[in-house]
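Below you'll find the structure, written out as structure tokens, and then a few comments.
The values are calculated or read from the model by the stated rules, or taken from the named source; none is laboratory data. What you see is a predicted model, and the numbers here were worked out from it, not measured in a lab. Virtual Cβ from ideal backbone geometry, glycine too; neighbours counted across all protein chains shown.
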Amino acid sequence: MKYKLGAVVAAGVVLAGMLSPNAYADAGTQQSGSVPPGQAKHAFVGPLFQTTAIASTVPDNGDVNPYGVAVVPLTLNKLTQGNVLVSNFNNSGNSQGTGTTIVQVSPAGVVSLFAEIDPQNLPGTCTGGVGLTTALVALRSGWVIVGSLPTTDGSAATASAGCLLVLDSTGTVRETIVGNGINGPWDMTALDQGSRVDLFVTNVLNGTVAGNGAVVNGGTVLRVDLTIAPNAVPFVTGITTIGSGFGQRSDPDALVVGPTGVGLAANGTLFVADSVGNRIAAINNAVRRHNSAGTGRTFSADQNLSTPLGLAIAPNGDVLTVNAGDGNLVETRPSGQVAVRTLDTSGSPPGAGALFGLAVNPSDRSVYYVDDATNTLNLLF
């Protein structure tokens, strides 16, 4: 498999209101990395040391390279509460930006196909076609939204702006959200308040292809405001650029490297995995701001971070990120990085290019994550 950088996902972490900042206050110790002794006290991943593969994410059409992870919040039609949706970025030929499937995986490892999207049969425009990214959320209203950053041959030179695809609970695409700053949607999270939803979307194609491998400071974070009404598709009420100027670049192996995972904290701060900058950025007042915070303030940088990609907020308010560079998960809070867990050691260097999307298990103290090296959905527990 190609060495691919890029979400988690934190994509897929859908907040129903805001998270409690004080849940899970148990002690624990770090497994690896340079976290000082004692710093891991009260870390969410403190007692989590074991990993297991739940199931393969390869559907019958052979799509590979699982990216997005989203836990289903309710049972409706094809969706089952507690199951995990996973989006695939590559087709069976391992061409990046050509995957068209979302699979649904139960905690017991039962896999079903939720959607196989036909680029030739969409209800609206999706610039360039379909290549499903880490930008994946499942809403309480039964809608599933996924990002598309398509290519024609798996290369960055043919990458197109794509869109957000809106699917109903049967896996049928009902709407596309395109333009207005949506340009290579790479990862996404959501604040789900029922009749109102705020999507937070990172975009990585603003000048990236023309840059031809050079870093272009054009990466953005958009807030897409939606109204959810009965018997109607979601309606876009506004799109606001709340972050801009993030480093992004094309790469022959990674396709695109740029701002990736996003997670919304209880106080309204949006955390962004700044992959090129090797840091976690923080954008204040993300839900209500009407202007760009630029690249935000630096919440954490370097140390155990190694090209952070997927990002999720733990129930205790800490930020969980997974590294493209070394296969590690890092837990960070305002006082610093407090825990490291090694999730993948395959390849050379060990773990490089394996991790992408992740999501906290809402029913248990554990973390779902995809492993691109094995094409599986895994669990840290």
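Does G325 count as modelled with pLDDT under 95, outside any strand (DSSP E or B), out of contact with any Leu (no Cβ under 8 Å at 6 or more places or on another chain) and not polar (S, T, N, Q)? Outline the logic, then answer.
Working: modelled with pLDDT under 95: no; outside any strand (DSSP E or B): yes; out of contact with any Leu (no Cβ under 8 Å at 6 or more places or on another chain): yes; not polar (S, T, N, Q): yes.
Taking the combined requirement at face value, the residue does not satisfy it.
Can you name every residue in segment 326-337 that is buried (at least 24 other Cβ atoms within 10 Å of the Cβ) and more than 15 Å from L309 (Cα to Cα)?
Once the filter is applied, which keeps residues that are buried (at least 24 other Cβ atoms within 10 Å of the Cβ) and more than 15 Å from L309 (Cα to Cα), segment 326-337 yields only Q337.
Quick check, is G347 over 16 Å from G82 (Cβ atoms) and buried (at least 20 other Cβ atoms within 10 Å of the Cβ)? Outline the logic, then answer.
Values: over 16 Å from G82 (Cβ atoms): yes; buried (at least 20 other Cβ atoms within 10 Å of the Cβ): no.
It is false that G347 is over 16 Å from G82 (Cβ atoms) and buried (at least 20 other Cβ atoms within 10 Å of the Cβ).
Within segment 293-302, can one find any residue that is of a type in the set (F, W, Y) and surrounded by fewer than 22 Cβ atoms within 10 Å (Cβ to Cβ)? Steps first, answer last, please.
Applying the first criterion (of a type in the set (F, W, Y)) to segment 293-302 yields 299.
Restricting the remaining residues to those that are surrounded by fewer than 22 Cβ atoms within 10 Å (Cβ to Cβ) gives 299.
Yes: segment 293-302 contains one or more residues that are of a type in the set (F, W, Y) and surrounded by fewer than 22 Cβ atoms within 10 Å (Cβ to Cβ).
In segment 274-298, which residues are part of a strand (DSSP E or B) and touching a Pro at 6+ places or on another chain (Cβ under 7 Å)?
So in segment 274-298, the residues part of a strand (DSSP E or B) come out as 274, 279-283, 297-298.
Of everything in segment 274-298, those that are part of a strand (DSSP E or B) and touching a Pro at 6+ places or on another chain (Cβ under 7 Å) turn out to be D274, I280.
I need the full set of residues from segment 299-322 which are more than 16 Å from T134 (Cβ to Cβ), polar (S, T, N, Q) and not in a loop (DSSP other than H, G, I, E, B), in order please.
S300 - this is the single residue of segment 299-322 that is more than 16 Å from T134 (Cβ to Cβ), polar (S, T, N, Q) and not in a loop (DSSP other than H, G, I, E, B).
Kindly provide the set of residues from segment 42-94 that are closer than 16 Å to G131 by Cβ, surrounded by fewer than 20 Cβ atoms within 10 Å (Cβ to Cβ) and not polar (S, T, N, Q), ordered by number.
Across segment 42-94, the qualifying residues are G62, G93.
Need pairs with beta-carbon distance below 8 Å; first residue loosely packed, with under 15 Cβ neighbours inside 10 Å and within segment 192-203, second of a type outside the set (A, V, I, L, M, F, W, C) and assigned to a strand (DSSP E or B); sequence gap 6+ or separate chains.
S195/T227; R196/D225; R196/T227
Quick check on segment 114-124. Is at least one of its residues closer than 20 Å to A210 by Cα and of a type in the set (D, E)?
No, the conditions are met nowhere in segment 114-124.
Please enumerate the residues belonging to segment 118-127 that are surrounded by fewer than 23 Cβ atoms within 10 Å (Cβ to Cβ) and either in contact with a Cys (Cβ under 9 Å, 6 or more places away or on another chain) or closer than 12 Å to G147 by Cβ (or both).
P119, L122, G124, T125, T127
Answer yes if at least one residue in segment 242-265 is in a loop (DSSP other than H, G, I, E, B), touching a helix residue (DSSP H, G or I) at 6+ places or on another chain (Cβ under 8 Å) and farther than 25 Å from V166 by Cα, and no otherwise. Break it down into steps so the answer makes sense when it comes.
Taking segment 242-265 as the starting set, the residues that turn out to be in a loop (DSSP other than H, G, I, E, B) are 252-254, 258, 265.
Filter once more, keeping what is touching a helix residue (DSSP H, G or I) at 6+ places or on another chain (Cβ under 8 Å): 252, 258.
If we keep only those that are farther than 25 Å from V166 by Cα as well, we get 252.
Yes, some residue in segment 242-265 is in a loop (DSSP other than H, G, I, E, B), touching a helix residue (DSSP H, G or I) at 6+ places or on another chain (Cβ under 8 Å) and farther than 25 Å from V166 by Cα.
Quick check on F271: is it modelled with pLDDT of 95 or more, closer than 30 Å to T98 by Cα and not in a loop (DSSP other than H, G, I, E, B)? So that I can check it myself, show each step before the final result.
Numbers: modelled with pLDDT of 95 or more: yes; closer than 30 Å to T98 by Cα: yes; not in a loop (DSSP other than H, G, I, E, B): yes.
In short, yes.
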